[in-house]
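Written out below as structure tokens is the structure these notes cover.
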């Protein structure tokens, strides 16, 4: 499945990008919340925005709540209000709030997919009712992320929890402390195409690069056999 990020500040721009993604062959549109005019973004504003996009979108829509970057979040009542729309198939929730996963997964119905966007809470989110994940960390450590999912799916919960602890530590060092630059460097270490982040985002310091390199290379044997 090919997913395009099409969220923009206006409903019209979001819909234009979504239609273009459909023309290019994308299967699903991932639509983040508008965030610039924060005082105006009440629950009813988000509901109207997403319904308007979903009504006209030629492809299914995934809601996307990422408050660490946008400063606004979709809360349980508006998510549940949108879950009944036939063209809204789920949400990528990057808030890290497990209570919200529990509430939405239990009340939205089986056709609405809750996906976590946080590698640090992957196993807790799955245990709380999430169906899967879309993770930035998987760009560098896909095997480690998939291993947690497979252990959980197979009912090996102690193993999944142990793997989650390692994944949370990797997420902290690579993403929380070093950001996009850290993720790109970790990708380079793994032999993927990371490169240098575009300005104004910084590259990691040499000390942080050494830390990331050590962590990733220690992870590689397990990743290669996962």
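The values are calculated or read from the model by the stated rules, or taken from the named source; none is laboratory data. These figures come from a predicted structure and were not determined experimentally. For neighbour counting, all protein chains shown are included, and Cβ atoms are generated from backbone atoms with ideal geometry for every residue, glycine included.
Criterion applied to 43, 81, 73 was being under 15 Å from the mean Cα position of the chain (by Cα) and within 21 Å of residue 14 (Cα to Cα), and the one residue passing it is 73.
For the criterion of being within 21 Å of residue 132 (Cα to Cα), in contact with a strand residue (DSSP E or B) (Cβ under 8 Å, 6 or more places away or on another chain) and in contact (Cβ under 8 Å) with a residue 12 or more places away in the chain, residue 53 fails.
The requirement of being outside the structural domain of residue 1 (by TED's automatic domain parsing), over 28 Å from residue 30 (Cα atoms) and not in a loop (DSSP other than H, G, I, E, B) is satisfied by residue 207. Scanning segment 46-59 for residues that are assigned to a loop (DSSP other than H, G, I, E, B) and surrounded by fewer than 16 Cβ atoms within 10 Å (Cβ to Cβ) yields one hit, 58.
Taken as a whole, the structure places residue 35 among residues that are assigned to a loop (DSSP other than H, G, I, E, B) and surrounded by 15 or more Cβ atoms within 10 Å (Cβ to Cβ).
Against the numbered list (1) more than 29 Å from residue 44 (Cβ to Cβ); (2) touching a strand residue (DSSP E or B) at 6+ places or on another chain (Cβ under 8 Å); (3) surrounded by fewer than 19 Cβ atoms within 10 Å (Cβ to Cβ), residue 127 comes up short only at (2). Listed here are the helices (runs of 4 or more DSSP H) enclosed by segment 73-168 that have at least 1 residues being touching a residue at least 40 places away in the same chain (Cβ under 8 Å): 122-128, 142-153.
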